[in-house]
Amino acid sequence: EEGVIKSAIEVPEDILKISKTAQPTSSELQRYKLWLEQKYRSPYTGQFIPLGKLFTPEYEIEHIIPQSRYFDDSFSNKVICEAAVNRLKDNQLGLEFIKEHHGEKVELGLGQVVEIFSEKDYQSFVKEYYANNRSKRAKLLLEDTPESFNERQMNDTRYISKTVKGLLSNIVREEGEQEATSKNVVVCNGFVTTTLKHDWGLDAVWNDLIFSRFERINLLTDSTVFTAWSEQYQKFLPTVPLALSKGFQKKRIDHRHHVMDALVIACATRDHVNLLNNESAQSGLKRYDLQRKLRIFEQTSYFDVKANKQVEREIPKEFIKPWDSFTTDVRNELEKIVVSFKQNLRVINKTTNKYLAYENGKKVLKPQIKGDSWAIRKPLHKDTVFAKVSLQKIKTVKLSEALKNPENIVDNRFRNEIRRISATYGKFDPEKINKYFKDRKYLYGNTDISKVDIYYFETENAAVRKSLNTSFTEKTIKESVTDSGIQKILLNHLAMKNNKPELAFSPEGIEEMNRNITALNNGTPRQPIYKVRIYEPIGNKFQVGYTGNKKAKYVEAAKGTNLFFAIYTDDEGNRSYETIALNIVAERLKQGLKAVPERNKKGHELLFHLSPNDLVYVPTEEELASGTKCRIEDGKANRIYKMVSCSGYQCFFVPNNIAFPIAQTAELGANNKSEKSWDGIMIKQICIKMVVNRLGKITT
């Protein structure tokens, strides 16, 4: 490289830049190290990476396991690849990306095209080029996001635990204590709480609490695989089939396990921790004093062969419960627990950016902007921007309607006939022309023209460019592609593949279509097609702005930004519903108004509004009839639901205590949420909003 730089030949700008830099940046050094490790080749295409382009935007550092799915910014999770390939890979794992896009052609610009590895070639490449790097090889061949803690997370956890121990010691330290950790802070691990839960009967309590969910999913799936008979306990216990067992933990499916753990830790003493730590370490110190203090002993007898006699002795069994009714009390309290969730509804706030400036020889902080400046704390819309389009379409109407604008009639011969008849009358008169054809029984030659096809323009549509893929069925092409010429080519190609999109628009099928594009276009040459412009109704999309070309650009609300679901009532008490879009909320808050309008467009009054994580109570039929209010202490916690999301007139919920579904989409609904309660009631129609204070206490 040095020889090339010092020679007389022309050297690329990027190489000159590096040669003149006194010290390469850490990013450049990392690129260079990755390039050497990969032996100058891209791991997803196998193409050589020229040194002259290594430090240009054409190549990027890519995370094998995407940071959006699993934060790992280590060197072992990085490779160098083409920028266009990195954009296509998006948030997929390496092997996941290869399986979905193998054989696909990717345009790099300036006529350069690379092909994604096949799965077989990719695995061979990884095993050969990363033979000495076990960690990176494992990540490149990973089929699912790792579930275990990585080393960085373990170190973070250790540091956090140590810091928290010191902070808590400062709160509970007694006068005169000099130790770093106060004697009133007891540190225990998961093994201690697991052992105590088992000995105190809380495992059985937990199984009973969650058992109804497993029975319900058996009914929903018409199976018996979610419960199993236990010979030891002589009853059915919750379980999951083998296909769902990976990573499944019965404890984690319900938020109340935090309460159970807290109860166990609160009742555990330093003696419990010391005894179990000694046993776990297989210490020679038996601590019989603690055994007698903490455990139940059982009398047993056995024959001692050496002594040649029957020996009786006491053996330590499970730990003594904190009090006699401990297990029953825990179950009763867990059944009454209502899980509440912290709200984060900050949409906008005033910015307070300041800068240092000199005034009268002194440094002072001055605001960057005079007057009010607002910052929106949620994404306003998705990245994709749609353009408003007017599309010429055809519809069938009565002749009298078509004659209002005869130039829009599709049939050219019939248009000319109307012009000829108009000339005989001296001017165009729709009523006379309609009567002319009515007298002839609406016949033009042998064609019935009582109804004719006319052109019209649809203006309420928004279009965006999309890559061709197997989702382009015949119906999609006809109803979504804006360009009629491209429509014709795609339909001709699809017909040649027996209307099978998975064959026609696979990477190989698209390549074949572009080779034969002239024939598919009736002999007229044209450029290859990789992306097409598709349209859809504007619907819930909103304008980017109101001036210039922004008024013709539309965007969709980003996922998770519908923060307010308003429930209105008319004079008769009938409810109506509306999701208040984020852009409307931001505008209202900026003007000093409430986020949700007090009345809707129909004049109905606001009853209440719901936001994600709000709790609602679903009254029973008896409560609705009598008008009585919910009493949580009466065992009604199972009728409280958490609001999850909303869209349009729909609002979705899950029971308040559920943390994770037992089986995806099977237990809670199509998207792991539902509009209905578990007894089939439409929640939004009768629910009552519950007010929870900042400490999680239900006030109404």
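The values are calculated or read from the model by the stated rules, or taken from the named source; none is laboratory data. These numbers come from a predicted model, not from an experiment. Don't worry about glycine lacking a Cβ; one is built from the backbone with ideal geometry, like all the others, and counts go over all protein chains shown. Side chains included, ligands, DNA and RNA excluded: accessible areas come from the protein's heavy atoms. Shrake-Rupley method; radii C 1.70, N 1.55, O 1.52, S 1.80 Å.
Details
- Additional length obtainable on full extension of the chain from ARG415 to LYS317, 0.36 nm per residue less Cα span: 25.3 nm
- Considering region 477-625 at the alpha-carbon level, its Rg and Dmax are found to be 24.9, 75 Å.
- Heavy-atom accessible area for MET643, with the other protein chains in place and a 1.4 Å probe, reaches approximately 0 Å².
- When SER484, SER506 are compared by accessible area at a 1.4 angstrom probe, the order from most to least is SER484, SER506.
- Portion, in percent, of the accessible area of the chain that falls on carbon or sulfur, probe 1.4 Å: 50
- Ordering of 183-191, 307-315, 492-500 by burial proxy (mean other Cβ atoms within 10 Å per residue, highest first): 492-500, 183-191, 307-315
- Aspartates and glutamates with Cα under 12 Å of LYS404, excluding same-chain neighbours fewer than 8 positions away: ASP429, GLU431
- One Cα centroid belongs to region 256-270, the other to region 233-252; the line between them spans 23 Å.
- Once the Cα-Cα distance is subtracted from the 0.36 nm per residue extended length, the GLU401 to GLN30 segment shows a gain of 126.5 nm.
- Taking amide H positions as modeled 1.01 Å from N, with prolines and chain starts lacking one, the residues under 5 Å from THR239 and 5 or more places away or on another chain are THR227, ALA228.
- Proximity of backbone amide H atoms, modeled 1.01 Å from N, is registered between ASN672 and THR665 at under 5 Å, excluding neighbours fewer than 5 places apart on the same chain.
- Förster-model FRET efficiency, 51 Å R0, ALA423 and ARG465, C-beta, rounded to 0.05: 0.65
- With helices as the sole contributors, the chain gives -9500 deg cm²/dmol at 222 nm; each DSSP H run of n ≥ 4 counts as -39500 (n - 2.57), and the sum is divided by every residue.
- Partner lysines for LYS183 [C-alpha distance under 29 Å; skip if fewer than 8 residues away on the same chain]: LYS162, LYS165, LYS197, LYS286, LYS293, LYS317, LYS321
- Computed lengthening from LYS594 to ASN498, 0.36 nm per intervening residue step minus Cα-Cα distance: 28.9 nm
- Given (i) -0.64, -1.42; (ii) -0.46, -1.04; (iii) -0.59, -1.18, the label whose value is log10 I(q)/I(0) by the Debye sum over Cα atoms at q = 0.06, 0.10 Å⁻¹ derived from this model: (i)
- Region 63-89 and region 416-466 have their alpha-carbon centroids 60 Å apart.
- Cα gyration tensor, region 224-282 - rounded (a/c under 1.5), prolate or oblate: prolate
- Area accessible to solvent at LEU167, 1.4 Å probe radius, in Å²: 100
- Percent breakdown of C-alpha pair distances by 10 Å bin, ordered from the shortest bin, for region 372-423: 17, 29, 14, 11, 13, 12, 5
- Per the Cα gyration tensor, region 261-366 maps to an equivalent ellipsoid with semi-axes of 63, 24, 10 Å, ordered largest to smallest.
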